[in-house]
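A quick write-up on the structure given underneath.
Any read-out appearing in this document is the output of simple, stated calculations on the displayed coordinates, not a laboratory observation. This structure is a prediction, so every number in the text was calculated from the model and none was measured. All Cβ positions, glycine included, derive from the backbone under ideal geometry; neighbour counts span all protein chains shown.
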């Protein structure tokens with residue numbers, strides 16, 4: 001198995017280039033390379049991959065540990081522990097070859113001319129049934145999205161997929177999202193602030209969502225399902241510069257990532273088994289955690305709807321051409 005895992009600190013210097021996303025000075029992002037037409041990678045090649053320290057990353061670790069990437073001649077140097085704000089410009093600047101991240105900041109970066117390309121699906125929320133995240137409240141009067149109007153609502157990151165889809169859910173339910181007070185709070189701290197009365201509602205992923213509901217709260221909305229059912233939550237991406245220089249490596253990464261998703265979907269318990277060591281999660285909690293849908297195909301329609309909402313709620317000025325951003 002060709003694999004090394006680094007925790008926090010190994011790409012700490014990347015924060016110095018985070019401002020690139022705001023200024024839009026990281027290259028044109030133009031590419032003429034089609035990785036699918038590249039020859040097979042025949043020599044073992046070391047690649048750097050960055051991912052967030054969250055439960056879905058367990059699928060990536062599983063794929064590496066099971067030798068899927070090695071089978072495709074890829075030796076993976078995986079870094080976790082950094083925020084997405086550092087990862088994205090690191091890829092654009094060539095300090096990291098590949099990354100797993102949320103599509104919204106990638107769309108926003110591309111709209112500003114940052115050199116990034118989506119090269120494959122990683123995970124999605126569920127179109128129906130229980131979902132991987134949602135809004136919960138302890139106040140019994142808050143039972144639907146419109147009830148969030150005039151309330152103090154927590155998300156982990158402002159101007160991201162959480163508050164964006166909640167805004168749309170509120171509007172669809174007849175409320176005014178402009179009258180919501182949005183607060184940025186880390187996920188692990190949200191429930192305590194709900195109990196203390198510092199928040200009226202919070203957007204929570206699993207296992208925090210189920211715990212909050214189990215301990216006296218109620219579900220207000222599965223905001224992804226209410227607005228963009230089956231929303232793509234994480235994608236694989238790289239820079240067009242790296243793609244142009246290493247089409248065979250990109251092709252191998254795409255193929256390995258697809259096999260990894262298939263394995264995680266077929267054996268979700270194996271993916272869950274990574275969580276206790278990776279995140280320090282209790283084994284019982286890990287065994288019962290609802291994992292994301294590691295589906296085989298990228299839901300481009302959901303990404304299109306996402307950017308339509310980004311324009312609607314003024315996260316960006318105009319839509320971009322997704323055909324230029326997505327290279328599968």
Binned at 10 Å from zero, the C-alpha pair distances of the chain give percents of 6, 26, 35, 24, 8, 1, 0
Return the calculated 222 nm mean residue ellipticity for the chain, to the nearest 500 deg cm²/dmol, obtained by summing -39500 (n - 2.57) across DSSP H runs with n ≥ 4 and dividing by the residue count. -10000 deg cm²/dmol
Can you tell me the equivalent ellipsoid semi-axes for segment 219-328? Use √(5λ) from the Cα gyration tensor, largest first, whole Å. 28, 23, 12
When the convex hull of the Cα atoms of segment 133-227 is projected onto a plane and the area is averaged over all directions, what value comes out in nm²? 4.9
List residues of segment 108-133, by number, whose backbone nitrogen lies under 16 Å from a label position 7 Å along Cα→C-beta of residue 182. 108-109
When the Cα centres of segment 107-122 and segment 162-186 are compared, how far apart do they sit, in Å? 25
Just to confirm the number: angle between the C-alpha axis of helix 247-266 and the first principal axis of the chain, 0 to 90 degrees, nearest 10? 50
Just to verify a number: FRET efficiency for residue 37 and residue 215, C-beta to C-beta distance, R0 = 56 Å, to 0.05? 0.55
Taking Cα atoms, how many degrees apart are the long axis of helix 161-172 and the longest axis of the chain, rounded to 10 and kept between 0 and 90? 40
Relative to the first principal axis of the alpha-carbon coordinates of the chain, what is the inclination of helix 300-312, with its axis defined by its Cα atoms, in degrees from 0 to 90 and to the nearest 10? 50
For segment 248-294, what's the radius of gyration and Dmax over Cα atoms, in angstrom? 12.8, 41
Pairwise FRET efficiency - residue 322 versus residue 152, Cβ, R0 = 35 Å, nearest 0.05: 0.50
